[in-house]
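Notes to accompany the following structure.
The values are calculated or read from the model by the stated rules, or taken from the named source; none is laboratory data. These numbers come from a predicted model, not from an experiment. Cβ coordinates were reconstructed from backbone atoms using ideal geometry, including for glycine residues, and neighbour counts include every protein chain displayed.
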Amino acid sequence: MLANYGFKDGSGEFFITIDTGKCAKCMKKPCLKACPGKIFEKFIDDYDDEVVGVTESFRNRIKEICASCKPVTGKSYPACQKACPYDAIQHSW
């Protein structure tokens, strides 16, 4: 299942999408430590799997919080995406 966290406004769509099926396979959750903005939290989903999601208080601020980590050009990825061994994290912008 894909879980989308973020917002849409006049300047664009700013979402982090987490594939919870892939995330549930990961025992260590390295994205939690990799994220400099500390926007992620662990929780138990509807299928009783431990997964990661964006903390509610950060969902409307991911554009500004993730800005320092997002590459402006090139094919580099944010720290959370690099740390994820299952490629479960995607950014919409």
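For the residues Ala24, Ala3, Ala67, the requirement of being crowded, with 18+ Cβ neighbours inside 10 Å and among the small types (Gly, Ala, Ser) singles out Ala24. Note on the stretch 32-64: among residues that are acidic (Asp, Glu) and over 13 Å from Ile18 (Cβ atoms), the one that is surrounded by the most Cβ atoms within 10 Å (Cβ to Cβ) is Glu64. Could you tell me whether any residue of the stretch 19-40 is at pLDDT below 95 and among the hydroxyl-bearing types (Ser, Thr, Tyr)? Scanning the stretch 19-40 turns up no residue that is at pLDDT below 95 and among the hydroxyl-bearing types (Ser, Thr, Tyr).
Pairing each residue of the stretch 72-93 that is more than 16 Å from Asn4 (Cβ to Cβ) with any residue that is charged (D, E, K, R) and at pLDDT 90 or above, provided the two are 6+ apart or on different chains, yields C-beta distances under 7 Å for Tyr86/Lys22; Tyr86/Lys25; Asp87/Lys22.
May I ask you to say which residue of Asp45, Asp9 is at pLDDT below 95 and touching a strand residue (DSSP E or B) at 6+ places or on another chain (Cβ under 6 Å)? If you could, list the steps in order and put the result at the bottom.
Values: Asp9 fails: touching a strand residue (DSSP E or B) at 6+ places or on another chain (Cβ under 6 Å).
After ruling out the rest, the residue left standing is Asp45.
Name the single residue that is nearest to Ala83 (Cα to Cα) among those in the stretch 1-49 being among the small types (Gly, Ala, Ser) and within 10 Å of the chain's Cα centre (by Cα). Here the answer is Ala3.
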